[in-house]
Each structure stands twice: as C-alpha cells, then as structure tokens.
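First comes the structure, then the notes that go with it.
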Amino acid sequence: MILDVSVRHPFSGSFSLDLGFVLDFGRDGPVAALFGPTGSGKSATLAAIAGVLRPRRARILFGGEPFVDWQGNDWSPPPRRRVGWVPQDGLLFPHMTVEENLRFGEARARGAAAPGFAEVARVLELEPLLARGTAALSGGERQRVALGRAVLSGPRLLLLDEPVSALDDASRFRALGFVERVVGEFSVPALFVSHQRTEVLRLARRVVRLEAGKSVEEGPAAEVLGPAPAAGSVDNLLRLEPGPAGPTLSGRAVSVAGDAVPDRPAWARLPSAAVLLARHRPGDLSARNALPGRVLSIAEAGPAVRVAVDAGQAIVADLTPASVRDLALAPGAEVWCVFKAQALEVIG
Amino acid sequence: MTSALLLSLVVGALATLLALPPAVAAGWLFARRSFPGKALAETALLLPLVLPPVVTGWGLLLVFGRRGLLGSTLADAGVPIAFTAAGAVVACAVMGFPLAFRACRVAFEQVDPRLEGVARTLGASKSRTFLAITLPLAKGGVVAAAVLAFARCLGEFGATMVFAGNVPGETQTLPLLVYTGLQAAEGLDAVWAPALASVGLAFLLLAAGERALRRGPA
C-alpha cells in the first residue's frame with residue numbers, strides 16, 4: 001500500500017503547510033513516522049490524510065485511490081477513506097462508556113476484514129475497562145480505547161497523532177507495545193506522529209522529518225534520525241526509591257554508579273545497550289543488578305533488536321537478533337534483566 | 001383563569017416545538033460554518049429579541065394577515081393564522097426563537113469539533129455524527145434553549161396582542177388576562193390569580209433552565 005501525500009495549506013498567521021512524501025508500507029514495513037518538533041505541521045498533515053482537515057490544495061492517494069486531487073476534485077469524505085484517525089489524547093466520546101465508544105467504531109466497520117470485538121478487546125486488554133466511563137481512565141487506558149475504537153472500524157491505515165506523548169516514561173514503552181501489537185495482529189499499517197526520537201526509533205522503519213510545515217528529509221529511520229546518542233542505545237529512565245540498604249528499583253535492591261547513593265526517590269539512566277537478558281536467575285556474575293520481569297514487546301531497531309521488559313518498570317534492552325532467537329524470547333516470556341552498577345547512573 | 005393558564009401552557013409548548021428545530025439548525029450552522037453575510041444574518045435572526053414586540057406583531061400581520069403575503073393564500077386554503085390560537089403559537093415561536101437560537105449556538109460551540117471528525121473517520125455519516133455525537137453533547141444547552149423559549153412564550157404579550165388578538169378561550173393567554181383584568185372597571189381582584197400563576201411558572205422554569213445548563217451532557 002502506497003501513501004502519496006502532497007499538501008499545501010495556509011494557516012492563520014505566518015505558518016503554512018507545504019510538503020510532500022511517499023510511503024510504501026509494503027516495502028518499508030508496516031509502521032512509518034512523521035517526525036519533527038512541535039508546530040512543524042505533523043498533526044495537520046494527519047488530519048488532511050484523515051479528511052478531517054480540508055487543505056487549500058492537496059493531492060492525496062492511498063493504494064492508488066485518490067482522496068483528493070490538485071483541482072480539489074474527488075474529495076473523498078472521511079467515511080469513504082477507511083482510515084483510522086487517533087488524535088492526541090485519544091478523544092473518546094465523553095458521553096459514552098468505554099464499550100459504547102468501541103461499539104461506535106464496530107458499528108461502522110466497513111469491510112469484512114474488520115477485526116472482531118472480542119479479539120480487539122483481548123489484544124488491547126480492554127475487558128476490565130468496558131463498563132467504565134471515559135473520565136476515570138488513565139492516559140494509557142484512553143489511548144488503548146481510542147486505538148481499539150479505530151481498529152474496530154476496519155481501517156486500511158491507522159493515523160496515530162502522538163500516541164504516547166501524554167504518558168509518563170513508565171507507561172510509554174508499554175503503550176508503544178500496544179501500538180505494535182495492533183499493527184501486527186490486525187495487519188493494519190500505521191503512520192504515526194511524534195517529536196520523540198526514541199518513540200520513532202522504537203516503532204518506525206521509515207521516517208519523514210518535518211520542519212516548519214515542510215518535509216525536509218525522508219528515508220530509513222536510522223538515517224533520518226542520524227546516529228543515535230550512545231551508538232543506537234536509548235536511555236531507560238528508571239525510578240529509584242530509597243531502601244534500608246541503599247536504593248531499590250521496583251522493590252529490589254540495586255547498585256548504582258558512583259558514590260552518590262540517593263536517600264530519596266530519584267531518576268536513573270540506564271542505556272538499553274547495557275542491559276543483558278537471561279532466561280534464568282543468573283549466578284556467579286560480576287554484574288550487580290538482576291531484576292525479574294516479563295517481555296512486553298520485541299522490535300527491530302537498526303541492526304539490533306529492542307526488547308521491552310516489564311520489570312515493575314519498563315526496561316528496554318538491545319540484543320542481537322541471534323540472542324533473541326537463542327533465548328526464544330517472545331512477548332510474555334519471563335526473563336531477568338541484568339546490568340552492571342556502572343551502567344545505572346543517578347541523574348537526579 | 002384556568003382556561004388562560006391552560007392556553008398559555010399549550011401555546012407555549014407548541015411554540016417551543018415550532019421554534020426549537022430551526023433554532024437547533026441555525027445554532028449548529030452558526031457554530032460550525034462560516035459563510036458570507038454571517039454577521040448580518042445573525043443580527044437579523046436576533047432582531048425579535050430587541051424590537052418592540054408590537055412591531056414584531058405588526059410584521060407578522062404583514063406576512064400572515066388576511067391580506068398578507070402568505071396569509072391570503074393560507075386563508076384561502078382554510079387555514080387563517082391571524083387572530084386565532086395558531087396565531088398565538090406563531091407569535092410566541094417567533095419571539096422565543098432568538099433566545100433558543102443563541103443558547104443552541106453556544107451549546108454547539110462548546111462541543112469539540114474533533115470529536116465529530118473522529119466519528120466521521122470511524123465511518124459515521126454527517127447526520128449520524130450529528131445525532132449520536134454533537135446533539136447528545138450539546139443536550140444540556142438545547143434543553144436550556146427549550147426552557148428559555150417556553151418561558152419567553154409564557155411572558156409574551158405585545159406580539160400576541162397585535163397578531164392574535166385577545167379572545168378569551170382562544171388567544172387570551174395569562175399575560176393578556178392580566179392586562180384585561182387591569183383594564184376592567186370592577187377592580188384588581190381578577191389580576192391576582194393569573195399574576196401569581198405567572199410568577200410561579202417563571203420561577204419553576206428559571207430553575208429548570210439553570211439546572212439543564214449546569215448538568216450539561218448526560
């Protein structure tokens with residue numbers, strides 16, 4: 001499926017959108033990203049693809065089907081586009097329960113390809129939320145419901161606007177895992193928007209970089225985003241709590257780099273490249289720290305494979321594809337995260 | 001007095017039913033769309049709010065009177081409007097419309113248009129989106145609009161007097177009964193009951209309207 005987008009649209013003030021890009025989801029993988037700072041036109045571009053914003057001039061094609069052409073002809077209204085748009089904060093219908101929100105999407109499912117309600121609820125772990133109102137949901141829960149509602153409508157493409165930016169660090173990796181699962185299980189390509197490098201690297205293989213309303217670069221994620229800090233590694237941000245014998249991480253004692261042992265809750269940085277995974281509790285090892293957890297998700301990240309583990313807090317580890325295979329890692333697998341004290345740096 | 005009270009309630013209810021659909025439609029239009037002459041059109045729609053009601057009544061006579069633009073056709077068809085109960089309903093609806101229109105417009109403006117966008121991308125038609133998303137979310141404001149229009153109808157005097165007359169049992173609503181009582185030679189005893197009934201009704205309606213506005217969407 002090829003998404004071919006050219007949009008020109010003046011906004012009030014001096015900002016205007018003038019960009020174009022072509023994404024081939026079949027060739028480049030199921031997830032692509034629009035990456036750029038806040039105010040670079042990412043959300044407006046998504047809205048134009050969804051048909052929610054009607055640009056002054058645009059040519060948008062998806063899978064060979066025109067959504068609109070330069071003359072403004074063939075304007076395809078949103079229902080006909082069959083594109084799932086998940087705006088920021090999820091935007092659930094506030095007068096409906098979670099289930100009613102999901103059913104609204106389901107009722108309008110177009111095409112026999114739409115996934116079933118039970119299936120979506122299972123994959124996104126929505127069953128416990130169904131009867132709840134939308135006001136009481138956490139940010140992560142709202143995103144999951146919004147994602148489920150969009151998927152239930154049977155879209156050919158998902159447009160995700162900053163799907164996890166509103167979440168705290170701990171929830172973010174988990175939420176990205178749900179996006180991945182949806183794309184994988186329901187075979188829907190996704191274009192997502194983010195200003196966070198780590199999110200883009202985690203999910204997308206193809207990236208379009210936007211700046212001030214223009215598309216300035218387009219290509220493989222690693223190229224467009226440039227060399228990653230610390231050689232492809234991303235930083236885990238972990239919350240430390242003071243314990244009787246030094247700091248603890250999710251209830252387990254850990255050793256940290258240096259002498260600065262925090263005596264109050266603190267954040268620590270742990271590069272993903274510095275984390276080892278083991279299937280069993282390791283012994284006779286110089287590494288000071290070992291935390292049990294469960295694999296949340298596995299994704300390619302350049303030459304490495306990025307494994308997210310729920311160890312009370314989400315910890316991302318970069319492994320070689322061979323290690324992932326030899327350890328038979330899959331979502332749900334029980335693992336131990338192992339890392340040296342030197343790798344866990346308290347940052348305040 | 002009972003017949004005037006009943007007539008007031010029936011005329012008020014029918015006039016509200018008559019005024020509300022165009023008020024909802026216009027409220028949505030002015031909240032969601034921009035078009036040339038919008039400001040002018042809005043002023044025109046709000047005109048009955050500030051015009052002397054007798055002028056509005058006279059305008060209605062020009063249109064719906066026996067020799068009026070539409071009135072002659074309607075009269076020929078056997079549906080006279082002026083100086084009938086139907087005329088009282090029309091006069092009240094016209095007077096109540098601007099209030100209902102404004103309340104609806106504000107109510108629709110407070111609904112996040114992106115929610116409508118989401119519904120559309122989920123496959124809902126425009127009308128389905130309006131009925132399932134926009135209207136329920138604006139419900140509090142629309143109920144308040146109905147209450148306001150109804151309350152305005154109960155107090156309506158000038159336009160009704162000019163356009164529908166003051167016929168007991170046919171067009172004599174509570175305010176007209178009060179007025180008639182004040183004109184009568186035998187003293188003010190006949191004024192008390194309809195006047196107090198008006199005060200009571202007004203009190204109830206204001207409370208109900210405020211409640212609907214505060215509660216918002218259910």
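Here are some notes:
- When region A:229-253 is limited to residues that are part of a loop (DSSP other than H, G, I, E, B) and surrounded by fewer than 18 Cβ atoms within 10 Å (Cβ to Cβ), the one that is modelled with the lowest pLDDT turns out to be A:Ala230.
- Any chance A:Ala109 is farther than 17 Å from A:Val188 by Cα, assigned by TED's automatic domain parsing to the domain that holds A:Pro78, modelled with pLDDT under 90 and assigned to a loop (DSSP other than H, G, I, E, B): no
- Look at region A:150-167: where a residue is acidic (Asp, Glu) and a partner is assigned to a loop (DSSP other than H, G, I, E, B), sitting 6+ places away or on another chain with Cβ atoms under 6 Å, you get A:Asp161/A:Pro87; A:Asp161/A:Gln88; A:Glu162/A:Gln88.
- Residue list for region A:298-310, filter: buried (at least 21 other Cβ atoms within 10 Å of the Cβ) and either over 17 Å from the mean Cα position of the chain (by Cα) or among the basic types (Lys, Arg) (or both): A:Arg306
- For A:Glu99, the criteria (1) among the acidic types (Asp, Glu); (2) touching a Leu at 6+ places or on another chain (Cβ under 7 Å); (3) over 27 Å from B:Gln110 (Cβ atoms) hold in every case but one, which is (3).
- A:Val256 being part of a strand (DSSP E or B) and either within 21 Å of A:Ser171 (Cα to Cα) or at pLDDT 80 or above (or both): no
- A:Ala146 under 22 Å from A:Arg80 (Cα atoms), within 11 Å of chain B (Cβ to nearest Cβ) and without any contact (Cβ under 8 Å) to a residue 24 or more places away in the chain: no
- Inside region B:55-87, residues that are over 16 Å from the mean Cα position of the chain (by Cα) and under 18 Å from B:Glu156 (Cβ atoms) make up a count of 10.
- Here is the figure for region B:66-84: residues that are aliphatic (A, V, I, L, M) and part of a helix (DSSP H, G or I) total 2.
- Extreme residue, farthest from the other protein chains (Cβ to nearest Cβ), among residues of region B:97-112 that are under 17 Å from the mean Cα position of the chain (by Cα) and aromatic (Phe, Trp, Tyr): B:Phe97
- Only one of B:Leu115, B:Leu62, B:Leu131 that is surrounded by fewer than 16 Cβ atoms within 10 Å (Cβ to Cβ), part of a helix (DSSP H, G or I) and either within 14 Å of another protein chain (Cβ to nearest Cβ) or in contact (Cβ under 8 Å) with a residue 12 or more places away in the chain (or both): B:Leu131
- Unmet criterion (only one of (1) at pLDDT below 85; (2) under 29 Å from A:Pro220 (Cβ atoms)) for A:Ser43: (1)
- Per the listing B:Val142, B:Val90, B:Val94, the residue uniquely within 14 Å of another protein chain (Cβ to nearest Cβ), surrounded by 17 or more Cβ atoms within 10 Å (Cβ to Cβ) and either part of a helix (DSSP H, G or I) or not polar (S, T, N, Q) (or both) is B:Val142.
- Residue in region A:55-75 that is away from chain B (no Cβ under 13 Å), under 17 Å from the mean Cα position of the chain (by Cα) and basic (Lys, Arg) present: no
- Screening B:Leu137 against (1) under 30 Å from B:Pro53 (Cβ atoms); (2) touching a His at 6+ places or on another chain (Cβ under 7 Å) leaves a single unmet condition, (1).
- Inside region A:108-132, residues that are within 8 Å of chain B (Cβ to nearest Cβ) and among the aliphatic types (A, V, I, L, M) make up a count of 1.
- Candidates are the residues of region B:145-167 that are in contact with a Cys (Cβ under 6 Å, 6 or more places away or on another chain) and in a helix (DSSP H, G or I); the one that is surrounded by the most Cβ atoms within 10 Å (Cβ to Cβ) is B:Ala145.
- Check on A:Thr134, in contact with a Leu (Cβ under 6 Å, 6 or more places away or on another chain), β-branched (Val, Ile, Thr) and free of Cβ contacts under 8 Å to residues at least 60 places away in the same chain: yes
- Boolean, A:Leu277 is under 29 Å from the mean Cα position of the chain (by Cα) and in a strand (DSSP E or B): yes
The values are calculated or read from the model by the stated rules, or taken from the named source; none is laboratory data. Since we're looking at a predicted model, the values are computed, not measured. Methodologically, a virtual Cβ is constructed for each residue, glycine included, from the backbone with ideal geometry; neighbour enumeration extends over all protein chains shown.
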